[in-house]
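What follows is a short report on a single structure.
Just so you know, all these numbers are worked out from the coordinates, no wet-lab data involved. What you see is a predicted model; the values in this text were computed from it and never measured. Cβ placement follows ideal geometry from the backbone for every residue including glycine, while neighbour counts extend to all protein chains displayed.
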């Protein structure tokens, strides 16, 4: 099971393979419990990967929005229109101040993303190392028991003495059951930790989004109010003027295409 939660945000992280089938060497209910738990772990991991994919998309969207705002200002300056229209120059200056404020906020959001989800998820998935070590030990022991059982079966078929091999098989089987129990217990703890550990991280991430959009709304609303006040345009006239400009923009062929 490959994970992107090592938080290179998109790079592959830990690999947690499914336990090797024991082939009837363990009690049915023990093997079934481990199989079902691993299915739940896989589903939860897939859900986390989906969330982190959305986080990556969100961070990229914030970056692109900021770049688009900066490009629009650059294009306005290069057009020369601000040198002709005093009103447009004032509006552009106001817009510039908002974009500068939002650039700092965008960078803050990107850093907040790493703090609220990046580092916590990285630490959480460090637990994979211990779990995966147990899984390998258990799988190796399955191979040992299988090999010993095969040897025992061959000796029985040949009618040879099996006492020593039987003792070895029983000892290996006890060790396998112990390892299987440890893996089941540790995997269960790992799964139960996920919700309590990650929920506050996701809540902090959502709060970061709320703060970002609240700041953007506040800045742009202030700019609009400042522009209206500076030109002393009544609301009805302002709306009519904006509708007129929007209609002209929508009529442009470049918009239609």
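Side notes on the structure shown:
- The chain, helix-only ellipticity at 222 nm - DSSP H runs n ≥ 4, -39,500 (n - 2.57), divided by all residues, nearest 500: -29500 deg cm²/dmol
- For the pair residue 221 and residue 114 in one chain, pulling the backbone fully straight at 0.36 nm per residue adds 35.6 nm over the alpha carbon distance.
- Take the Kirkwood radius over Cα pairs of segment 68-114, plug it into Stokes-Einstein at 20 °C and 1.002 mPa s, and you get 184 µm²/s for translational diffusion.
- Label positions at residue 43 and residue 243, each projected 7 Å from the Cα along the C-beta direction, are separated by 5.2 nm.
- For segment 35-117, fraction of C-alpha pairs farther apart than 19 Å, in %: 57
- Length-normalised contact order of the chain in % [C-alpha pairs under 8 Å, at least 6 apart]: 23
- Net length available on complete extension from residue 51 to residue 86 is 7.9 nm, with 0.36 nm assigned per residue and the Cα-Cα distance removed.
- Cα gyration tensor, the chain - rounded (a/c under 1.5), prolate or oblate: prolate
- Full extension of the segment from residue 150 to residue 191, taken as 0.36 nm per residue of separation minus the current Cα-Cα distance, would add 11.2 nm.
- Peptides 94-105, 59-70, ordered by how many other C-beta atoms sit within 10 Å of their residues on average, highest first, read 94-105, 59-70.
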